[in-house]
Amino acid sequence: AKGKVLYKSSCLKCHGPHHLDAKKNPIYTAPKVIPKNKVNMEGANGASKQVPLSVNDGAPIYSYRVFTIEGGGNTPYHQHNYEHMNYIIEGEGYLINESGEKLPLKKGDFALVNPNEKHQYRNASSENEFIMICGVPKEFE
């Protein structure tokens, strides 16, 4: 299957780390400053990455990354041998799949990119940021 929007929602309640009880949850990350690093892959424009939860925090299977794409920016058009699952937390943009389809995404949407599928994320705005969570197997962080 080609990259697709799996679920659209206009309202999801926050269940962030500040809602978890550290005594009942084996993995808990207290609020922390997370470095924001520029994406240096060829073809990336105005994209940066943060890693709030990874193997370094004790995550057994997945790492969660947060990508911020500046107005007019994009990730590189690329592929890799693992899936990733995305949740849009701010803004509007597009997932460009390997067929060249421009699939619209907005705050509250989920998307899936399968292994070895070429894809790119683009910010639809020239001014506002497009921010998404990207879950990947921990081995590929």
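The values are calculated or read from the model by the stated rules, or taken from the named source; none is laboratory data. Note that this is a predicted model, so its numbers are computed, not measured. Here Cβ is always computed from backbone atoms with ideal geometry, including for glycine, and neighbour counts include all displayed protein chains. What goes into the accessible areas is simple: the full protein's heavy atoms, side chains included, and nothing from ligands, DNA or RNA. Shrake-Rupley method; radii C 1.70, N 1.55, O 1.52, S 1.80 Å.
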When segment 35-67 is checked residue by residue, the ones that are surrounded by 14 or more Cβ atoms within 10 Å (Cβ to Cβ), more than 24 Å from K118 (Cβ to Cβ) and among the hydrophobic types (A, V, I, L, M, F, W, C) are L53, V55, A59
If N81 meets every condition in (1) in a loop (DSSP other than H, G, I, E, B); (2) buried (at least 16 other Cβ atoms within 10 Å of the Cβ); (3) in contact with a helix residue (DSSP H, G or I) (Cβ under 9 Å, 6 or more places away or on another chain) apart from one, which number is that one?
(2)
Yes or no: K36 in contact with a strand residue (DSSP E or B) (Cβ under 6 Å, 6 or more places away or on another chain) and of a type in the set (K, R)?
yes
With the structure loaded, tell me whether E70 is outside any strand (DSSP E or B), surrounded by 14 or more Cβ atoms within 10 Å (Cβ to Cβ) and charged (D, E, K, R) or whether it fails that test.
no
Going through segment 92-101 one residue at a time, which ones are in a loop (DSSP other than H, G, I, E, B) and crowded, with 20+ Cβ neighbours inside 10 Å?
N97
List the pairs whose first member sits in segment 86-99 and is hydrophobic (A, V, I, L, M, F, W, C), whose second member is crowded, with 19+ Cβ neighbours inside 10 Å and at pLDDT below 95, and whose Cβ atoms are under 7 Å apart, counting only residues at least 6 apart or on separate chains?
L95/G3
So for segment 107-122 (the condition being of a type in the set (K, R), under 18 Å from R65 (Cα atoms) and either part of a loop (DSSP other than H, G, I, E, B) or open to solvent by 80 Å² or more (accessible area, probe 1.4 Å) (or both)), does at least one residue qualify?
yes
